[in-house]
Amino acid sequence: MIEDIWVDDRVRELRPDFAVLVIGAYGLRNGPSDERSREWLADAAAQAVPLDHEKIEAWRAAYRAFGAKPQRTRPSVDALIRRMPLPEINLVVDAYNAVSVRHALPIGGEDAGHYAGPARLVRASGDEPSDEALGEPEIGEVVWRDDVGVTCRRWNWRQCVRTRITEQTENAVFLLERLEPMSVDELTVAGGELVNLLAQITPEIRTETRLLE
């Protein structure tokens with residue numbers, strides 16, 4: 001699945017420094033949060049950067065570039081760092097939230113079994129189907145979508161219900177989204193940390209990665 005994911009040229013024109021590390025994970029055995037994942041979250045919270053950190057400011061600037069107001073619809077890592085103690089969701093979500101906070105890096109987790117066609121990051125035309133939880137995208141807004149409709153609005157602000165990772169998720173796609181000043185090297189390190197945590201949840205897991213720059 002990850003080989004078909006793509007980023008539209010209009011998004012690249014908006015932020016030429018954008019890169020996304022895509023991780024496919026197959027054969028997951030997810031479950032409820034436990035002592036392991038609580039420790040991951042607590043450790044990440046202890047390392048969280050301040051809200052005025054340059055990595056978070058870069059995402060606020062990206063939101064403003066397509067007309068969003070980041071103080072009203074916050075980039076995902078901005079919103080997550082504000083939620084201390086970090087919320088416990090399930091093992092897999094706890095894993096990627098911990099990596100997200102530790103690196104001040106937006107990470108999306110998607111249930112691959114609920115996708116229709118490839119994921120792609122595009123500028124919205126304004127008529128894309130979207131579920132009630134998301135509302136209708138605005139023209140020019142940066143959104144992730146598939147053949148059915150929008151899966152995440154405002155780049156990484158809010159995910160649709162359909163593709164959320166649950167305790168029943170077996171195959172998943174993770175989208176680790178980078179802007180400068182984060183280096184591609186740090187992005188790769190963060191991806192390795194996520195793969196390691198997923199392997200602790202499911203030792204026999206199969207993963208693959210792809211970097212889109």
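Readers should treat all values here as calculations from the given coordinates under stated rules, not as data from a laboratory. Just so we're clear, the structure is a prediction, and the values are computed from it rather than from any experiment. Here the Cβ is made from the backbone with ideal geometry for all residues, glycine too, and neighbour counts use every protein chain on show.
Roughly how far apart, in whole Å, are the Cα centres of region 151-208 and region 9-45?
3
Among 37-43, 5-11, 138-144, how do they line up from the highest to the lowest mean number of other beta-carbon atoms within 10 Å?
Values: 37-43: 17.4, 5-11: 15.3, 138-144: 20.3.
Result, highest mean Cβ count within 10 Å first: 138-144, 37-43, 5-11.
So what are the ³J(HN,Hα) numbers for region 167-182, from phi and the Karplus equation (6.51, -1.76, 1.60; θ = phi - 60°), rounded to whole Hz, Gly and Pro as x?
Per-residue couplings from phi come out as 5, 8, 5, 10, 10, 9, 10, 10, 10, 9, 9, 10, 10, 4, x, 5 Hz.
If you take every residue apart from residue 109 with its C-beta less than 11 Å away from the C-beta of residue 109, what net charge results, scoring Lys and Arg +1 and Asp and Glu -1? Before the final figure, lay out each step's value.
On the way: positive: 164; negative: 94, 110, 111.
Around residue 109, the charge tally is -2.
Which of the peptides 119-128, 201-210 is most tightly packed, and how do the rest follow, going by the mean number of other Cβ atoms within 10 Å of each residue? Don't skip to the end; give the middle numbers.
On the way: 119-128: 17.0, 201-210: 14.2.
Result, highest mean first: 119-128, 201-210.
Please label the shape of region 1-144 as rounded, prolate or oblate, based on the square roots a ≥ b ≥ c of the eigenvalues of the alpha-carbon gyration tensor (a/c under 1.5 means rounded; beyond that, a/b larger than b/c means prolate, else oblate). It would help to have the intermediate numbers written out before the result.
Working: a/c = 1.84, a/b = 1.26, b/c = 1.46.
Because a/c hits 1.5 or more and a/b fails to exceed b/c, region 1-144 counts as oblate.
At a 10 angstrom cut-off on C-beta neighbours, averaged per residue, how do the peptides 107-117, 155-165, 184-194 rank from highest to lowest? Write down the numbers at each step before the final one.
On the way: 107-117: 18.5, 155-165: 20.7, 184-194: 17.0.
Descending packing order for the listed peptides: 155-165, 107-117, 184-194.
From the phi of every residue in region 134-148, what ³J(HN,Hα) in whole Hz does the Karplus formula 6.51 cos²θ - 1.76 cosθ + 1.60 yield, where θ is phi - 60° and glycine or proline is x?
8, x, 7, x, 8, 4, x, 5, 7, 9, 8, 8, 10, 5, 7
What FRET efficiency comes out for the pair residue 73/residue 210, r = Cβ-Cβ distance, R0 = 30 Å, nearest 0.05? Kindly include the intermediate steps, with their values, before the conclusion.
Values: r = 28 Å, r/R0 = 0.93.
Efficiency, rounded to the nearest 0.05: 0.60.
Round to the nearest 0.05 the FRET efficiency obtained for residue 61 and residue 36 when R0 = 45 Å and r is the Cβ-Cβ distance. Kindly include the intermediate steps, with their values, before the conclusion.
Details: r = 36 Å, r/R0 = 0.79.
Using R0 = 45 Å, I get an efficiency of 0.80.
For residue 166 and residue 184 in one chain, what is 0.36 nm times their gap in residues minus the Cα-Cα distance, to one decimal in nm?
Numbers: separation 18, 0.36 × 18 = 6.48 nm, distance 2.92 nm.
Between residue 166 and residue 184, full extension yields an extra 3.6 nm.
What are the ³J(HN,Hα) values, in whole Hz, obtained from phi via the Karplus relation 6.51 cos²θ - 1.76 cosθ + 1.60 with θ = phi - 60°, for each residue of region 101-116 in sequence order, with x given for Gly and Pro?
For region 101-116, the Karplus curve yields 5, 4, 10, 6, 10, x, 10, x, x, 10, 7, 5, x, 10, 7, 10 Hz.
Give me the net charge of residue 96's neighbourhood, meaning all other residues with Cβ under 11 Å from the Cβ of residue 96; Lys, Arg count +1, Asp, Glu -1.
Values: positive: 102; negative: 94, 110, 193.
Taking every other residue near residue 96 into account, the sum is -2.
I need the Debye-formula profile for region 143-213: one equal scatterer per C-alpha, no solvent, reported as log10 I(q)/I(0) at q = 0.16, 0.27, 0.28 1/Å, two decimals.
-0.74, -1.28, -1.28
For the chain, what does the helix formula give at 222 nm: sum of -39500 (n - 2.57) over DSSP H segments with n ≥ 4, over the residue count, nearest 500 deg cm²/dmol? Mind dumping the intermediate values first?
Working: 6 runs with 67 residues, N = 213.
It lands at -9500 deg cm²/dmol.
Take the chain, connect every pair of alpha-carbon atoms lying under 10 Å apart with a spring to form a Gaussian network, then pick out the residue of 23, 56, 89 with the largest mean-square fluctuation.
89
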